[in-house]
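A short write-up of the structure that comes next.
The values are calculated or read from the model by the stated rules, or taken from the named source; none is laboratory data. Predicted model, so just to flag it, every value in this text is computed and none were measured. In this analysis, Cβ positions are derived from the backbone assuming ideal geometry, glycine residues included, and neighbour counts consider all displayed protein chains. Surface accessibility is based on the protein's heavy atoms, side chains included, excluding ligands, DNA and RNA. Shrake-Rupley method; radii C 1.70, N 1.55, O 1.52, S 1.80 Å.
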Amino acid sequence: MRVLVLGGDGFCGWPTSLHLSAQGHDVHIVDNLLRRKIDVELEVSSLTPISSLSERVKAWKGISGSDIKVSQIDIAEQYDALLDLITAYRPDAIIHFAEIRAAPYSMKSSRHKRLTVNHNISATNNVLAAIVESGQDIHLVHLGTMGVYGYSNHGATIPEGYLKVNVDLQDGTSINQEILHPAHPGSIYHTTKTMDQLLFYFYNKNDGLRITDLHQGIVWGTQTRETRRDERLINRFDYDGDYGTVLNRFLLQAALEYPLTVHGSGGQTRAFIHIQDTVRCLELAVSNPPSNGTRVQIFNQVAETHRVRDLATMISSKTGVEVAYIENPRREAAENDLKVENQCLQDLGLNPTKLADALLEEIVEISRHYRHRCDLSKIPCVSRWVAPRETTIDPVVVPLSRKRA
Ligand code: NAD
Ligand code: USQ
């Protein structure tokens, strides 16, 4: 298959590009290097020494014999260039990773909020409009997030995208329907992913586009089978307060003997998946497109769920590093449970990796190996959801009512 990977230089996109290339697919990366520019803005860099994108693909050609072509296009701004590439390359599938993806970054200031919304919504709409204008039957695979569902404590298992509802009609009868699960985003970044969902809904209904939306949990780990083959292929490792995600941050902190930064009581339960499984899920999604005329296919890309303080306690007991409970800079529930349906990708062949000592140890090893590259001043999360002067305002709480049988 010919696969266009938008955002193929990023944390998920690079190992996915290599994996698909190793599986014999023809891969073409599009990236405007925005993620590397954000590193410059934040004055931080990946813990691992990532090569330039041109060095990466040259190294891959030398190691595997396979070509990965690269186009530097800003898909949010350069619509004509994107359309020309799609027209010429004629991809069977497009994988769309190319969005600003860090919740704390999106909440840093009004400039970051506006940038994240304008950028992500334009990027997604441009891809959809370009597929329609190209007149080609291309399967779009998008990386969504578990955060579109939110983290309220309603006790029910989160379904894969669609919720069954019963609607009472005026004549006293009722109808059963499946609707998109209500959106309950927890940051501006997560909000853009809920808006993406509506764009997919519309283009699927209006233009018959075939779309798979993967609602992914927090990705942990760094290396995959392909990125491990040569140091020039190494994947990025974000540890800073804006882009670093919780489990990788805790493992790095453990390696540096830096107290584990648990927000609040650490009662937040989140979904996790290892990067090796992410690339496998993308392979499965690309190989299993929805048929024409079907609604947007939504899969929950999740291996397991964990409570943040349980992760910290587990890592602390293995390494002896203390746990620091710090004021939560985010506005989120102090405690939540999370039950998630994740059967669809397993039915397609995913056998997800669970948190395993060997994999945790591998991240600690990477962290130890590159610890000299870590800037400790970048570890604290300084982006606040609400400015201090506003913290007396109570958030809007949507009451949940329950019908008892
Ligand atoms: P990343 O920031 O490392 O990678 C995104 C890539 O897209 C970067 O290389 C960036 O330069 C490129 N890009 C951004 N805007 C672009 C544009 N306008 N034109 C061209 N290229 C552009 O992020 P990631 O961690 O690889 O995440 C990829 C996707 O997966 C995101 O959409 C994210 O929301 C989703 N996701 C990530 C995680 C996670 O834990 N990392 C979890 C769930 C979902
Ligand atoms: N947290 C800590 N300590 C830290 C960092 C985070 O306690 O040092 C807590 C946060 O308060 C939050 C939880 O850990 O409750 C998760 O935070 P995170 O930064 O690991 O994850 P999040 O902001 O949700 O975003 C990440 C990715 C995003 C993706 C999302 C999937 O950056 O692209 O969409 O995970 S999900 O969380 O399932 O929505």
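Among the candidates LEU34, LEU85, which residue alone is near ligand 1 (Cβ under 8 Å from one of its atoms) and either under 18 Å from the mean Cα position of the chain (by Cα) or more than 30 Å from LEU376 (Cβ to Cβ) (or both)? Spell out the reasoning first.
Working: LEU85 fails: near ligand 1 (Cβ under 8 Å from one of its atoms).
Unique residue meeting the criteria: LEU34.
Check whether at least one residue in the range 307-320 is in contact with a Ser or Thr (Cβ under 8 Å, 6 or more places away or on another chain), among the polar types (S, T, N, Q) and open to solvent by 30 Å² or more (accessible area, probe 1.4 Å), and report yes or no. Give the derivation first.
Kept after step one, since they are in contact with a Ser or Thr (Cβ under 8 Å, 6 or more places away or on another chain), are these residues of the range 307-320: 307-309.
If we keep only those that are among the polar types (S, T, N, Q) too, we end up with none.
No; the residues of the range 307-320 include none that is in contact with a Ser or Thr (Cβ under 8 Å, 6 or more places away or on another chain), among the polar types (S, T, N, Q) and open to solvent by 30 Å² or more (accessible area, probe 1.4 Å).
Consider the range 72-100. How many of its residues are away from ligand 2 (no atom under 16 Å from the Cβ), in contact (Cβ under 8 Å) with a residue 24 or more places away in the chain and either open to solvent by less than 20 Å² (accessible area, probe 1.4 Å) or part of a helix (DSSP H, G or I) (or both)?
13
Within the range 326-339, does at least one residue satisfy the condition of being within 20 Å of the chain's Cα centre (by Cα) and open to solvent by less than 30 Å² (accessible area, probe 1.4 Å)?
yes
What about VAL165, is it in a strand (DSSP E or B) and either among the hydrophobic types (A, V, I, L, M, F, W, C) or within 18 Å of the chain's Cα centre (by Cα) (or both)? Working first, answer last.
Values: in a strand (DSSP E or B): yes; either among the hydrophobic types (A, V, I, L, M, F, W, C) or within 18 Å of the chain's Cα centre (by Cα) (or both): yes.
Here the answer is yes, as VAL165 does meet what is asked.
Scan VAL40, VAL27 and give me the residue that is more than 8 Å from ligand 1 (Cβ to nearest atom) and either buried (at least 24 other Cβ atoms within 10 Å of the Cβ) or closer than 17 Å to ARG232 by Cβ (or both).
VAL27
Pull out all pairs, ordered by first then second residue, where Cβ-Cβ is under 9 Å, the residues are six or more apart or on different chains, the first lies in the range 236-255 and is without any contact (Cβ under 8 Å) to a residue 40 or more places away in the chain and polar (S, T, N, Q), and the second is open to solvent by less than 10 Å² (accessible area, probe 1.4 Å) and within 8 Å of ligand 2 (Cβ to nearest atom).
Matching pairs, first to second residue: THR245/ALA102.
For the range 187-234, which residues satisfy the criterion of being within 12 Å of ligand 1 (Cβ to nearest atom) and among the charged types (D, E, K, R)?
Residues satisfying the conditions are LYS193, ASP196, ASP213.
Of the conditions (1) closer than 23 Å to ALA387 by Cβ; (2) modelled with pLDDT under 95; (3) more than 17 Å from the chain's Cα centre (by Cα), GLY155 fails just one. Which one is it?
Exception for GLY155: condition (1).
Of the residues in the range 88-100, how many are more than 9 Å from ligand 1 (Cβ to nearest atom), within 13 Å of ALA130 (Cβ to Cβ) and not aromatic (Phe, Trp, Tyr)?
Residues flagged as more than 9 Å from ligand 1 (Cβ to nearest atom), within 13 Å of ALA130 (Cβ to Cβ) and not aromatic (Phe, Trp, Tyr) within the range 88-100 amount to 4.
Please identify the pairs in which a residue from the range 20-42 that is more than 18 Å from ILE94 (Cβ to Cβ) has its Cβ atom under 6 Å from the Cβ atom of a residue that is open to solvent by 10 Å² or more (accessible area, probe 1.4 Å) and within 9 Å of ligand 1 (Cβ to nearest atom), counting only partners at least 6 apart or on another chain.
What qualifies is ARG35/GLY10.
Look at ASN300 and say whether it is within 15 Å of ligand 1 (Cβ to nearest atom) and either among the acidic types (Asp, Glu) or in contact with a Gly (Cβ under 9 Å, 6 or more places away or on another chain) (or both).
So ASN300 passes the test.
Count, please, the residues in the range 58-71 that happen to be under 22 Å from GLU99 (Cβ atoms) and not in a strand (DSSP E or B).
0
Where the second residue is within 16 Å of ligand 1 (Cβ to nearest atom) and of a type in the set (S, T, N, Q) and the first is under 21 Å from GLN301 (Cα atoms) and in a loop (DSSP other than H, G, I, E, B) and lies in the range 126-155, which pairs have Cβ atoms under 7 Å and are six or more apart or on separate chains?
So the pair list comes out as TYR151/GLN268.
Among the residues of the range 268-297, count how many are under 24 Å from ILE363 (Cα atoms) and more than 16 Å from ligand 1 (Cβ to nearest atom).
The total comes to 0.
Taking strands (runs of 3 or more DSSP E) that fall entirely within the range 173-261, which contain at least 1 residues that are within 16 Å of ligand 2 (Cβ to nearest atom) and in contact with a strand residue (DSSP E or B) (Cβ under 8 Å, 6 or more places away or on another chain)?
Filter on the range 173-261 gives 210-216, 218-220.
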